[in-house]
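First up is the structure itself, then whatever we jot down about it.
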Amino acid sequence: MDLNPQDLLAEAAAAADAATTLDQIQAVTGQFLGKKGQLSEAKKQLGALDPEARKAAGQELNETRQRLQDLLDARRLVLQSAERAAQLEGERLDLTERLTELQRGHLHLVTQARDRLEDVFVGMGYHVAEGPEVETAWYNFEALNIPEWHPARGSFDTIFVEMGEPESVMLRSHTSPVQIRTMENQEPPIYIVAPGRTFRTDTADATHLPAFNQIEGLVVDRGVTMGDLAGTIDAFVKAFFGGEVKSRLRPSYFPFTEPSAEFDISRADGSWLELGGCGMVHPNVLRNCGIDPDIWQGFAFGFGIDRLAVMRYQLDDIRELVNNDVRFLRQF
Ligand code: FA5
């Protein structure tokens, strides 16, 4: 038998090492273990040998075949894992990669307007006060000089909460209850603003929301006049909007102020937008809070923050503020 197993194995090892792809190692395998390989040729010659020699030669052939197989398999495994690693590397996705800059969110424009309002009033020496969103009839109405029989109760379109006596607990319909809570707990002089959510049965339209925001202002001090109120509103409007926007007071009626006024601000087209109500704190209201109206006078005002945002950002419709359309909100 003209086969030298050592030479064959050395030759196969060299060929396997030279193979760098799975296709190449496949070809090398065919060359050494296939039908036309030296091993198969040697096997054909076995028949010519006598039985003893055939047995020994057959055994040697089998061992050689096994060692060849192991050697080629080992090389295939190496190449397979290298190809797999290359494929993974090629398909790797960088999940930390971002094509656009991360967008930072910002405060909602009503919150921006509220913060700005607080800043303006804090700059004028006011403190910020708070009160609950669910109120009793005493704070929302009675202490504000609106007894049960008073027709003004109807005009507030109140949302009642089913709790205790009917119509005794409600979502506050304005921020004026915070006036009462402040005067009950604090000696004059008082200079506060109270921003917060308010609720009415109003149907949403271009200028109304059922849940909206007001900011209340209250000053109680000696010798306070309607002129101080007008000056304060004017100063605030200028600070908030800049010089171009004007304010005006129109006589009006609120049970908790006397005299009362509504105040408007001028639009770019020359028309006026009603922003809120104001007036001198009614003596009954001061008395309800244990404050002597012969010594102390006060003025109060309350206006809609959402309407202010509509004006400041020149929106067409107040409902835009609550539609939560990110494309809209992102602009501000
Ligand atoms: C009041 O609520 C009084 N408490 C204001 C006040 C305070 C008067 C202190 C005197 C002294 P009025 O109901 O007019 O008043 O509401 C005040 C403002 O809240 C309105 O001018 C408007 O800007 C805003 N507002 C009222 N209802 C709505 C609504 N449904 N949606 C959005 N804004 C509203």
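The values are calculated or read from the model by the stated rules, or taken from the named source; none is laboratory data. Just so we're clear, the structure is a prediction, and the values are computed from it rather than from any experiment. Cβ coordinates were reconstructed from backbone atoms using ideal geometry, including for glycine residues, and neighbour counts include every protein chain displayed. Please note that ligands, DNA and RNA were not included when accessible areas were found on the heavy atoms of the full protein model with its side chains. Shrake-Rupley method; radii C 1.70, N 1.55, O 1.52, S 1.80 Å.
From the set of residues in the stretch 108-129 that are surrounded by 12 or more Cβ atoms within 10 Å (Cβ to Cβ) and in a loop (DSSP other than H, G, I, E, B), which is nearest to the chain's Cα centre (by Cα)? That would be 108. Suppose the filter is of a type outside the set (A, V, I, L, M), assigned by TED's automatic domain parsing to the domain that holds residue 197 and more than 10 Å from the ligand (Cβ to nearest atom); does residue 307 pass it? Here the answer is no, as residue 307 does not meet what is asked. When residue 216 is tested against the conditions (1) touching a strand residue (DSSP E or B) at 6+ places or on another chain (Cβ under 6 Å); (2) of a type outside the set (Phe, Trp, Tyr); (3) free of Cβ contacts under 8 Å to residues at least 40 places away in the same chain, the lone failure is (3).
For residue 72, indicate whether it is in a helix (DSSP H, G or I) and at pLDDT 85 or above.
Details: in a helix (DSSP H, G or I): yes; at pLDDT 85 or above: yes.
Considered against the rule, which asks whether it is in a helix (DSSP H, G or I) and at pLDDT 85 or above, residue 72 comes out as yes.
Here residue 206 meets each of (1) within 21 Å of residue 288 (Cα to Cα); (2) assigned to a loop (DSSP other than H, G, I, E, B) with one exception, condition (1).
Being open to solvent by 50 Å² or more (accessible area, probe 1.4 Å) and at pLDDT 90 or above is the filter here, so list the residues in the stretch 150-165 that pass it.
First, pick out the residues of the stretch 150-165 that are open to solvent by 50 Å² or more (accessible area, probe 1.4 Å): 151, 154-155, 157, 159-160, 162-165.
If the condition is that a residue be open to solvent by 50 Å² or more (accessible area, probe 1.4 Å) and at pLDDT 90 or above, then 157, 159, 160, 162, 163, 164, 165 are the ones that fit.
When residue 230 is tested against (1) part of a helix (DSSP H, G or I); (2) within 9 Å of the ligand (Cβ to nearest atom); (3) not acidic (Asp, Glu), only condition (2) is not met.
From the list 245, 224, the lone residue that is more than 8 Å from the ligand (Cβ to nearest atom) and under 28 Å from residue 291 (Cβ atoms) is 224.
Determine, yes or no, whether residue 235 is closer than 28 Å to residue 115 by Cα, modelled with pLDDT under 95, open to solvent by less than 50 Å² (accessible area, probe 1.4 Å) and more than 16 Å from the ligand (Cβ to nearest atom).
Numbers: closer than 28 Å to residue 115 by Cα: yes; modelled with pLDDT under 95: yes; open to solvent by less than 50 Å² (accessible area, probe 1.4 Å): yes; more than 16 Å from the ligand (Cβ to nearest atom): yes.
The answer is yes for residue 235.
Taking the condition of a type in the set (D, E, K, R) and either farther than 25 Å from residue 21 by Cα or open to solvent by 70 Å² or more (accessible area, probe 1.4 Å) (or both), does residue 73 pass? Step through it out loud before you land on a result.
Values: of a type in the set (D, E, K, R): yes; either farther than 25 Å from residue 21 by Cα or open to solvent by 70 Å² or more (accessible area, probe 1.4 Å) (or both): no.
Here the answer is no, as residue 73 does not meet what is asked.
Among the conditions (1) part of a loop (DSSP other than H, G, I, E, B); (2) open to solvent by 20 Å² or more (accessible area, probe 1.4 Å); (3) out of contact with any His (no Cβ under 9 Å at 6 or more places or on another chain); (4) of a type outside the set (Val, Ile, Thr), residue 212 misses just one, which is (1). Residues in the stretch 130-143 that are assigned to a loop (DSSP other than H, G, I, E, B), within 13 Å of the ligand (Cβ to nearest atom) and not hydrophobic (A, V, I, L, M, F, W, C): 131 only.
Evaluating residue 146 against the criteria (1) exposed (fewer than 15 other Cβ atoms within 10 Å of the Cβ); (2) within 15 Å of the ligand (Cβ to nearest atom); (3) part of a loop (DSSP other than H, G, I, E, B) leaves one unmet condition, (1). For the stretch 168-189, the candidate set comprises residues that are in contact with a Ser or Thr (Cβ under 8 Å, 6 or more places away or on another chain) and not polar (S, T, N, Q); within that set, the residue that is nearest to the ligand (Cβ to nearest atom) is 174.
Taken together, the residues in the stretch 267-299 that are more than 10 Å from the ligand (Cβ to nearest atom) and closer than 16 Å to residue 207 by Cα amount to 3. Evaluated against (1) without any contact (Cβ under 8 Å) to a residue 12 or more places away in the chain; (2) in a strand (DSSP E or B); (3) not aliphatic (A, V, I, L, M), residue 238 falls short on exactly one condition, (2). Close contacts from the stretch 156-175, counting a first residue that is at positive phi and a second that is open to solvent by less than 50 Å² (accessible area, probe 1.4 Å) and of a type in the set (A, V, I, L, M, F, W, C), with Cβ to Cβ under 7 Å and a gap of 6+ residues or different chains, come to 167/137.
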